[in-house]
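The values are calculated or read from the model by the stated rules, or taken from the named source; none is laboratory data. If you're wondering where the values come from, they're calculated on a predicted model, not measured in any experiment. Cβ: placed from backbone, ideal geometry, glycine included. Neighbour counts: every protein chain shown.
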Amino acid sequence: MRLVPQRFTLLPILLLATLGHWLYHGLDSLPKWIGNLAMRAGMGELTAARLLVGVMGACALSLLIVGVVTPARRRMAKAIAVVYAFGAVASIAASLASEPVSWSLLLPAFGLFVAVAEYASLAHPLMAIAAPRRLGGVLLAFVVVGAWCLAIGIAARLDFAPRSKAAPSGAMETIVLDHVSWEGRTIPDTGLSRLVPHLTARTLEGRSIVILYNPECQHCREVFEQYLTLPIPDTRIIGVEIPPNPGTVPLTGDDLGKMPCESCEWMSLPPGRHYAIKTPTVLVVMDGRVTCATNSDFPACLSSLPALKPPASTTDSPPPR
């Protein structure tokens, strides 16, 4: 009987399917125990998610590049399968400890089953086949290193949807918008670009002021009147409306009319959700990156702009002699 060299197929497919699930569902799909470790390390959920996707994608590409199974490559694949299996077990344990059994447990359970099956397949003695190499050792090493650099580089620029939490009744989705962590980040990093797709393009170049406001908020109107009524040179002003919670009934006197900002561009968050954010929240964005974010100390962000400084005293005629 002629033995055919085994190729890596099941394990890279499992890794690619897992990172595809994370990319589609955003930070909600990040395992809770990984999020907790990231917070303790001061890394942040977004950085942890990007790192995980980058490493997982790099491992999948490495397995696909090396191709056929040799003893050394088999050990590498077995190590990846063991790490994945331990991660799946931790995800299952964390889910069982924090919430009732749900369909979400099927994903790590299926991943655990596939990882164990792949490990058993790789450990079978018939799979210890010395297959001919198609790439030289040095060239193969360069290709694998290049795949890791490519995967990590792409992952470092990925945009993830913000973490959302369902209300206890399950009737309304709550999205937490935490401006404290936005300063120093790009607009895609904040998660706003998934909620307001055109915001990234409008703030990518130059200086922009983004104000998230509630149309029924009197304090929001006061901020517009104090700082944003007149145009600001070389600055784009964007008002992002936070829609009312689903099912709320407006009361008489709630409608304050249009915000006083003639030069503003107007956008809105998607309706049908509850947004956990204090209004107004003001962002100063420079070349796509948030340089200042506040929902209370507005002078710290806005009074430094040139148009809001007191005009310098000038004279049209020379002083008398």
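Among residues of the stretch 76-89 that are among the acidic types (Asp, Glu), none has a beta-carbon under 7 Å from a residue that is in a helix (DSSP H, G or I) at least six positions away or on a different chain. When the stretch 1-56 is filtered for residues that are buried (at least 16 other Cβ atoms within 10 Å of the Cβ), at pLDDT 65 or above and in a loop (DSSP other than H, G, I, E, B), the ones remaining, listed by number, are 30, 31. On the basis of being of a type in the set (Gly, Ala, Ser), modelled with pLDDT of 75 or more, under 21 Å from residue 10 (Cβ atoms) and surrounded by fewer than 19 Cβ atoms within 10 Å (Cβ to Cβ), does residue 79 make the cut? Spelling it out, residue 79 is indeed of a type in the set (Gly, Ala, Ser), modelled with pLDDT of 75 or more, under 21 Å from residue 10 (Cβ atoms) and surrounded by fewer than 19 Cβ atoms within 10 Å (Cβ to Cβ). Quick check: anything in the stretch 243-252 surrounded by 13 or more Cβ atoms within 10 Å (Cβ to Cβ), part of a strand (DSSP E or B) and at pLDDT 65 or above? For the stretch 243-252, residues surrounded by 13 or more Cβ atoms within 10 Å (Cβ to Cβ), part of a strand (DSSP E or B) and at pLDDT 65 or above: absent. If you go through the stretch 269-287 one residue at a time, do you hit one that is at pLDDT below 90, among the acidic types (Asp, Glu) and surrounded by fewer than 13 Cβ atoms within 10 Å (Cβ to Cβ)? Looking through the stretch 269-287, none of the residues is at pLDDT below 90, among the acidic types (Asp, Glu) and surrounded by fewer than 13 Cβ atoms within 10 Å (Cβ to Cβ).
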